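Okay, so here's the structure we're looking at.
The values are calculated or read from the model by the stated rules, or taken from the named source; none is laboratory data. Keep in mind it's a predicted model, so treat the numbers as computed, not measured. A quick note on method: Cβ atoms are made from the backbone with ideal geometry, for glycine too, and the neighbour counts reach across all protein chains shown. Quick note on the areas: whole protein, heavy atoms, side chains included, nothing else; ligands and nucleic acids left out. Shrake-Rupley method; radii C 1.70, N 1.55, O 1.52, S 1.80 Å.
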Amino acid sequence: MATDGIIEIPGLILIIVCLLRCAQYVVQSHSKQSRYFWLASVLVFFAVLRRELNYLPELLISGDFSLLGHSYDWWEDGVLTLVYLVIVGLLVYSWRYLKAVLKDVDVALYVFVVILAIIQYMGENAIVFPYAVGGTIEELAETAIYGIALFYVWKFKLADFDTQTAENLDLKTAR
């Protein structure tokens, strides 16, 4: 954050709101598959938030931190790997729900997000863009992607989607 300054704050806010909205869907879901899908979404936004707050450990944890003979970086990598494996497991379990959600999204939105991701990568690595503005372009592209995610998650109608997919996918309810 010290290098990018205040430009990261809107992206962090968007990620937190997305995380909270997905957590709300976890609570409101009626089927196990939809609950696991939204729990995976919460964990994805948690992992993205952790990635965006990469400067935080440097502020809070000393460089010579060691627990059971391993550094903070080792523990962080282990925990994040476990989180990623849980995400994959939850998405595999809820693959029918995932497929239905992905089919429900307009293809143009996927194309736009891919273009923004390419612009983000180009800005981060100073490809085409000068190094002086590359960081700003990277952060603006990331914030736009997070804004699109929030827009989609916010306009998503869980009750309507669950009713529609329950009939088509034969989701088992968890009551």
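Data table
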{"read-out": "Region 32-51 - residue that is closer than 20 Å to Leu14 by Cβ and charged (D, E, K, R) and, of those, surrounded by the fewest Cβ atoms within 10 Å (Cβ to Cβ)", "value": "Arg51"}
{"read-out": "Qualifying residue in region 123-137 (condition: touching a Leu at 6+ places or on another chain (Cβ under 7 Å) and open to solvent by less than 40 Å² (accessible area, probe 1.4 Å))", "value": "no"}
{"read-out": "From Thr163, Thr81, residue being at pLDDT 85 or above and more than 20 Å from Leu14 (Cα to Cα)", "value": "Thr81"}
{"read-out": "Subset of region 21-31 [modelled with pLDDT under 85 and open to solvent by 20 Å² or more (accessible area, probe 1.4 Å)]", "value": "His30"}
{"read-out": "One residue from Val101, Val105 being outside any helix (DSSP H, G or I) and open to solvent by less than 30 Å² (accessible area, probe 1.4 Å)", "value": "Val105"}
